[in-house]
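Data first, discussion second: the structure below is written as structure tokens.
The values are calculated or read from the model by the stated rules, or taken from the named source; none is laboratory data. What you see is a predicted model, and the numbers here were worked out from it, not measured in a lab. Note that each Cβ is placed from the backbone with ideal geometry, even for glycine, and that neighbours are counted across all protein chains shown.
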């Protein structure tokens, strides 16, 4: 009777992995998204969720309509300065870890609305992990962005959680203080 080494005794019966990698793999395929839809890009968002593209293949098919149950915030469409404090509040109510996807050119940069009423990119309000460009973005582009998000989730990467409104846009600070009732 020989002495068994640990490798031969465990071969085929136990999978060894780092805990962070196992958690990253599980999070990668269990994305609970909160869709924050405000404009026409919502049609493309719905097309991605439909059977032809089937976002459920990536583990993201079950939207949550409560920020406390979601870990990915899909911001879809134009964000006005009046709506910016609401978006910030939804983001603040989400539990850690959380990720943000900017869906469409109006969300990413303000799009062709270069005026006083439109936020010129939601990254002035909250941190953004993935930008999906296009007006509206094609479903294939959305799926590519989702796969890039899955890679970030598996690696444990995320945008800065301690993100404060900057002095780049002082009107947002005024709106936030009015929204919070200060």
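Going by the structure shown, is residue 73 within 16 Å of the chain's Cα centre (by Cα) and under 19 Å from residue 28 (Cβ atoms)? For residue 73, the condition - within 16 Å of the chain's Cα centre (by Cα) and under 19 Å from residue 28 (Cβ atoms) - is met. Candidates are the residues of the stretch 18-54 that are in contact with a strand residue (DSSP E or B) (Cβ under 9 Å, 6 or more places away or on another chain) and closer than 23 Å to residue 155 by Cα; the one that is modelled with the lowest pLDDT is 31. Among the residues of the stretch 71-100, how many are buried (at least 18 other Cβ atoms within 10 Å of the Cβ) and over 27 Å from residue 113 (Cβ atoms)? So the count comes out to 1. Selection of the stretch 64-100 for residues being touching a residue at least 60 places away in the same chain (Cβ under 8 Å), within 18 Å of residue 157 (Cβ to Cβ) and either outside any loop (DSSP other than H, G, I, E, B) or touching a helix residue (DSSP H, G or I) at 6+ places or on another chain (Cβ under 6 Å) (or both) yields 72, 94, 99. Contact annotation: no residue pair with Cβ atoms under 7 Å, 6 or more positions apart or on different chains, pairs a residue in the stretch 12-30 that is closer than 14 Å to residue 58 by Cα with a partner that is surrounded by 12 or more Cβ atoms within 10 Å (Cβ to Cβ) and at pLDDT below 65. When the stretch 101-117 is filtered for residues that are surrounded by fewer than 16 Cβ atoms within 10 Å (Cβ to Cβ), out of contact with any strand residue (DSSP E or B) (no Cβ under 7 Å at 6 or more places or on another chain) and at pLDDT 85 or above, the ones remaining, listed by number, are 115, 116.
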